Amino acid sequence: MLCFYAQFIIIIIIIFFFFFMFKKNNKIINEGYLIYKSLLLQLTALITNAALKGKDSAALMKAIFRGSPISSTDGASRRLCVYKHCIPLCESGDLQTEVASDIIGLLMLETHVLPGPALAALASLFVDAIKVGEMGNGKSLELFPTILTALAAKEAIAYGKGELSGDEYKKQLINSLCASRWDPQCVIHLTTMFRDVPLSPEELQFLIEKVLRMFLKLDLQEIPPLIYQLLLLAAKGCKKLVLEGIIAYFREQDLHQKKEQREGESMDVEVQTIPQDQLRHVEGTAILHVVFAIRLDHELGKEFLKSLKVIFLFLTFHVFGWDHVTQSLVQLGFILMDSFGPKAGPFGKTIEAPTTAAKTPSQLACQLGGQVLLESFKMHEPIRGEILEQVLNRLVTKTASPVTHFIELLSNIVMSAPMILLESSSKVTETFDQLSFLPLSTVQGLLKAVQPLLKVSMSLKDALILVLRKAMFSSQLDGRKSAVSGFLLLLKNFRVLGSLAPSQCSQALTSSQVQADVHSRYNSAANESFCLEILSSLRRCLGQQADVRLMLYEGFHDVLRRNSQLASSIMHTLLSQLKRYYEPEQDLLPPMKLESCISAQGDQVFLQEPLAHLFSCTVHCLLWHQSLGENARGGMDDEDDEEEDEGGFQDELHAILESVTRRMIKSELEDFELDKSADFSMTTSVGVKNSIYAVLVMGVYEVLMEYNFTIGNYSKNRFEEILELFKRYQKLTEILREKSGKGRTPHSKPPRSLLSMGFVSTLLTALFRDSAQSHEESLSVLRSSGEFMRYSVNVALQKVQQLEETGHTDGPEGQSPDKAFRYLCDITSVLMWRYTNIPSAVEDTGKKEKTQSISLLCLEVLLRVFSTVLQQYPSKVSNFLCSLDLSGEVEEEAEKDSLTEKTAFYIRQFQRSLFSQLSGSEEDFNSKEAQLLVSILSLLAGLLEPSSQQFVQFITWTVKICKETSFEDIPFSRGLLSLLFSLHVLYKSPVSVLWEMCQDIHSALGDIDEDVEVEKQSHFAVVNTKTAASTTVSCLLFQCNHNVLLIKFKCLHLFMPVHVSEGATQPAGQQDPVEKAVTLQLGTLLTALNELVQTALPTGACTDTLLRELGRTYSILTTLLKYYIQVCATHPGHLPARLEKLVKLSGSHLTPQCYCFITYVQSEEGNGGANDKKKKKKEEEAVMAASAKIIRQTKAIPSLIYNIEQYEKFLILLSKKSKVNLMQYMKLSTSRDFRINAATLQTAMQEQQESQQVRVTVTVHII
């Protein structure tokens, strides 16, 4: 009925409309217009009544639209009237939600057919309503995006006295809307609405900045829904702007609240604009929205990670009170640790790195995740169990990847809140059950982390003891090694005051029988019984595989140092084990039963007893216990019996070691069946057995050398014995080296030395720096052997390399970072003195023999030491430099110096050494030493402050050396140039140096055009004919790549929205500093590359690298053009003069030379290929060479050409935008046009015919 009535009114309106169109009487027209308007009012009233009553208003409106064709003027006006009426009707709030949705939905379907003026009128209606605050409901705003989209599709819209395109008209509307004042009630609705509006990057940035400014005008409870809509809007772009705006708002609120809190405390009045709990609730909800948005938008997550450090500072500042968001914080922490933690290296190996030296972004992100989890564990009780469970689960499940970061987190949790962790001790106990299945490194880290808990929890300790006992009989070798590691850890941490008789060590006790108060500081009986029980279990390891025994021997010394009262039990255990392999008959040679140290299974031979490590453990434990007794002996009568008892095993062990020393000197290699004729191949069982014997004997030699030196008290006879032991060690080493050199498959690396790092430090000090008169005669015995002195330095090098790679060394105290650092300082001090006082030029040994000189070995050790300190001890570099041969008042003065001043002192010493090398003739030049000196200087240069005077002096000296040194030594030149470029990167852009070196290379190698004579130039003498092609070009191109990446980064910085707006508003005649730096550096780089592309470089790696760098350079030029296109779009006519010069340089100079260089490369490779075919006999090699050439050409050259063409394409576009003809500087090349060179073709055909004739002639002669 309503539809019929509406159609009737429409017919009446149409009749009146046409009737009064043909009437000329104004009175009649006015009356008719009033009637027409009255009918329209009746029509809109009909719509209102139907909508309010909840009837089928959509059907009524469809009838109206059906009776109002868009082709007629009155139909379009009626449709516009309906739109203007329905929009405020839906905003009134009087309609039911379903009815309003139906009306808006129908209007959206009919919007696309409206004419341009109607769309413009509707858009203006919305804008005006928003400005006056009539969009509180926001329901009708769903229609606005559809209107704007339809409006943008129109070709022309009347605007003022002229016309605008629909898209431009839409931009004007959006600009007017964002520039106006918004009612705070409609901000959320408008933000939601703009998600469906197509926006340019500039419009989007303008809009987001407007919304962020509105934060301060909204109630606090309205912030979370607005943030949610803003994050969804960020899917269009400006993600970083959104995140930074949200963070800035909450930071401002936090600072404001803290300020109010301080003011309230000072005035004893509570002043709070916003309650703290309410603010924390809003912050937590905002974080939930951010986390949810990141899950849906990975690009937003990337921007989030870029701002992660700032966000974390914000989070940790207000972690209290966020119980409702802690779950997300926990997830965030584990995501960071899982994603950015250490990764397994090749073949599953993990490169251990110091946890304190987090430098890379991945390490910092992983560290950040650990801090989030640690703070959450300490402050949020409900999630402690979950955090602990997640950490322990990762330790158990991630067996194929490193878990050191999770172990570190667990250790931090235990240290910060041990009693809290005990509440979840059941989870730790469950993890103990998996110990035998975990990697050894994981077990060691886990037990070390939870060790403090074992002292306060009897149940936890009992559970661990039970698990370790089961692991002792595990079928897996790692399981048994884990048991030994766990037992040793317990022995080191449960101290004993008294000692029991050795006979009591065999008592079988269970840990559950010891119900003592472990909280007391000293509980001698409980700890003693507990440790004796563990020792009893460990004795079973002495009958297991070599790896298990080895772990036990390496751990006994640390146990003895931490728990000295176990010395008697440990020493008797070692004595009984040593006697099993010691030959007591003094006349028999050799003194050891080597056959008992191996076992066989079928054709395979295995090491059963690591005899050398057994000797090493025994010697170190004996010497330490003896020194402890001498220091602690006070002559008390009640200790006489104990001393006699201990003296029994001491005397017996000393007697055994003395006998072994004497008989090992008497024994020849034939006594061990290890003469020169012996088989040492690893492919036969005999060879494997002999190799095992050799390693054991060499290890025993080294242990005996350390033992006799330590107890010798600088006795000449002792040192003579040491030298005899070394001669036999050296002889066996030479045999192994000779045997491994003859075979095609060399043996594995020589075994690591068993000398302890502490002894190496003592030995080097005695050999090189001991000037005591009483020691001179005995030390002259060792100093007389150059081989022994070289051996000592080589062992030091081996220990330092192991410390650099793993963070620890073999032997006693090797696991202690502090002790290792102290020994490192002592070794460095000695070797620095040795090198600086006795340079290699003074030594004659190194010249006559093939071996390196001692000074050169010292320098190699120093290089590894500096690298180790920078990598493993970055926080102790200053202490390290102070300890190098400084003492007393000098040291006190040195400690006051800055790190730069300390470093500069040692740099000067190495500079003098290098200068003395370069001052002599090229025949006397020691390339190896010069390379080591340059490497050391490169490491030390990183410690200098780039703005310091010392750094400027050093870089000036380096430039001078490069300009004056003309030695044709390729490795040295490469190191020197790398040092120069690395210094320039820290000081200033090296593009000017690149340009000068490119000129030198061009002068040295000549031009690609043989008819062109290159001007002879020599800015840097290090660039000469021999070094230019092989060394200088590679270093130069590497540095070019580095510079290209830096310039690219600066170009990307230009694209930041804020920078674009600032760059476009620069005053006339001024250029943005970043733009200026980019254009200047690009200009110099183009000039340098222009020199290189004219140089007759050898084809291959050099030309391929240069082609790639050229392609990257043109890609950056294209990026720069895109930036200026964006600037000109908002501010036409903004084009600096430097850019025109840059375009001219690239177009008139570089681009033509690039095409000539491409032709040169292709022709040279073609000639080389033809020559190769004549020389090579095998056709397969020629095919492979041709294939490699084709692959190179299909990669580098097409990529370069594409980048050049892209550059020219955007150059044309920029010319149109800026109204400046930039293409006038570009010269179109014809070198790539397809053409047939008749002369070349004819010559090739003649050569082919001649070769065929020769082949036929040869065939006839054969027949």
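Numerical summary
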quantity	calculated
Exposure rank, largest accessible area first [Ile1047, Ile188; 1.4 Å]	Ile188, Ile1047
Accessible-area order (highest first, 1.4 angstrom probe) of the listed residues Ser77, Ser919	Ser919, Ser77
In sequence order, calculated HN-Hα J values of the range 964-976 (Karplus, 6.51, -1.76, 1.60; Hz; x Gly/Pro)	9, 8, 10, 5, 8, 10, 5, x, 5, 4, 4, x, 5
Relative contact order computed over the range 135-238 (Cα-Cα under 8 Å; 6+ residues apart), in percent	28
Extension gain, His85 back to Ser459 (0.36 nm per residue minus Cα-Cα distance, nm)	126.7 nm
Diffusion constant of the range 903-947 at 20 °C, which comes from Stokes-Einstein with the Kirkwood Cα-pair radius and 1.002 mPa s, µm²/s	193
Nonlocal amide H pairs with Met592, under 5 Å, H built at 1.01 Å	Glu583
Candidate residues Thr397, Thr191: accessible-area rank, largest first, probe 1.4 Å	Thr397, Thr191
Cut-off under 5 Å, modelled amide H: who pairs with Tyr159 long-range	Leu164
Residue-level accessible surface for Val132, protein heavy atoms, 1.4 Å, Å²	100
Rounded accessible area of Tyr581 (nearest 10 Å², 1.4 Å probe)	10
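The values are calculated or read from the model by the stated rules, or taken from the named source; none is laboratory data. Predicted model, so just to flag it, every value in this text is computed and none were measured. Side chains are part of the model used for accessible areas, which takes the heavy atoms of the whole protein and leaves out ligands, DNA and RNA. Shrake-Rupley method; radii C 1.70, N 1.55, O 1.52, S 1.80 Å.
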